[in-house]
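The structure appears right after this line, and notes come after that.
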Amino acid sequence: MSELLTEYRNRNTKNLMVCSVAVGKGVVNQIEHLGRSFAAADTSNYGKVKPGDIVYTKSPTGNFPYGIVKQSRQKQDVAVSPLYGVYTPKSFSVGTLIHNYFEQSENANNYIRPLAQKGAKNTINITTSYFLQGIIPFPKLEDDIEKLANFFNLLDEKIQQTENFLHNLSMQKKELLHRMFI
């Protein structure tokens, strides 16, 4: 991974929106996703995340007992807890493929398990630089990386459109049922 990512250590996070990492939604605004901010009063030591950066949180959740790896799809720079690892990919497309690779819990667990030590209270002990020591299968040709990333982005767009369509249908059904039984 050290050939694909570089650890990003910029802590200039003054006035940046504070985000968390969620399994299903990626890098998200804490207040919108969790209902409130869990940030410290002073976020100057938080990690700065640029659009396209890869973020690793050690927080175990569901099928990801060793943490979550996501690409930031935020349109602007944001801040994350200093406990998160922040990495800049060689290109946005490289980040997209890494994001998609780690969406599969088996891939995430198989990569992180040998690198991590479980500590007290089920915490994951792994330094952010040590996170880069593992190896994942990855295409070599830049053209292949670009094509695959574009394909996965198109699939994500289609999934989002389908989810929006399903939500709208559900709302229509709810409204019709409401009108029928008034």
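The values are calculated or read from the model by the stated rules, or taken from the named source; none is laboratory data. Predicted, not measured: the structure shown is a model, and the values here were computed from it. Don't worry about glycine lacking a Cβ; one is built from the backbone with ideal geometry, like all the others, and counts go over all protein chains shown. The accessibility values were calculated without ligands, DNA or RNA, using every heavy atom of the protein model including side chains. Shrake-Rupley method; radii C 1.70, N 1.55, O 1.52, S 1.80 Å.
Values computed for the structure shown
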{"quantity": "Chain lengthening between Met171 and Ser129 when straightened (0.36 nm per residue, less Cα-Cα)", "calculated": "10.5 nm"}
{"quantity": "Kirkwood hydrodynamic radius (C-alpha pairs) into Stokes-Einstein, the chain, 4 °C and 1.567 mPa s, D in µm²/s", "calculated": "73"}
{"quantity": "Highest-first arrangement of 83-92, 132-141, where packing means the average Cβ count within 10 Å", "calculated": "83-92, 132-141"}
{"quantity": "Mean shadow area of the range 135-181 over all directions, Cα convex hull, nm²", "calculated": "4.5"}
{"quantity": "Phe92 versus Lys140: modelled label distance in nm, points set 7 Å from Cα along the beta carbon direction", "calculated": "2.8"}
{"quantity": "Percent of Cα pairs exceeding the 22 Å cut-off, where the set is the range 61-152", "calculated": "32"}
{"quantity": "Aspartates and glutamates with Cα under 14 Å of Lys14, excluding same-chain neighbours fewer than 8 positions away", "calculated": "Asp42, Asp77"}
{"quantity": "Most fluctuating residue given options Tyr46, Tyr56, Tyr130, as computed from a GNM of the chain linking Cα atoms under 10 Å", "calculated": "Tyr130"}
{"quantity": "Estimated distance in nm for a label pair at Arg113 and Lys50, the labels positioned 7 Å out from Cα along Cα-to-Cβ", "calculated": "3.5"}
{"quantity": "Accessible solvent surface per residue of the chain, calculated while the other protein chains remain in place, 1.4 angstrom probe, Å²", "calculated": "62"}
{"quantity": "Protein accessible area in the chain, 1.4 Å probe - carbon and sulfur %", "calculated": "54"}
{"quantity": "Members of Lys75/Lys174; Lys70/Lys90; Lys70/Lys173 lying beyond 23 Å, as alpha-carbon distances in this model show", "calculated": "Lys75/Lys174; Lys70/Lys173"}
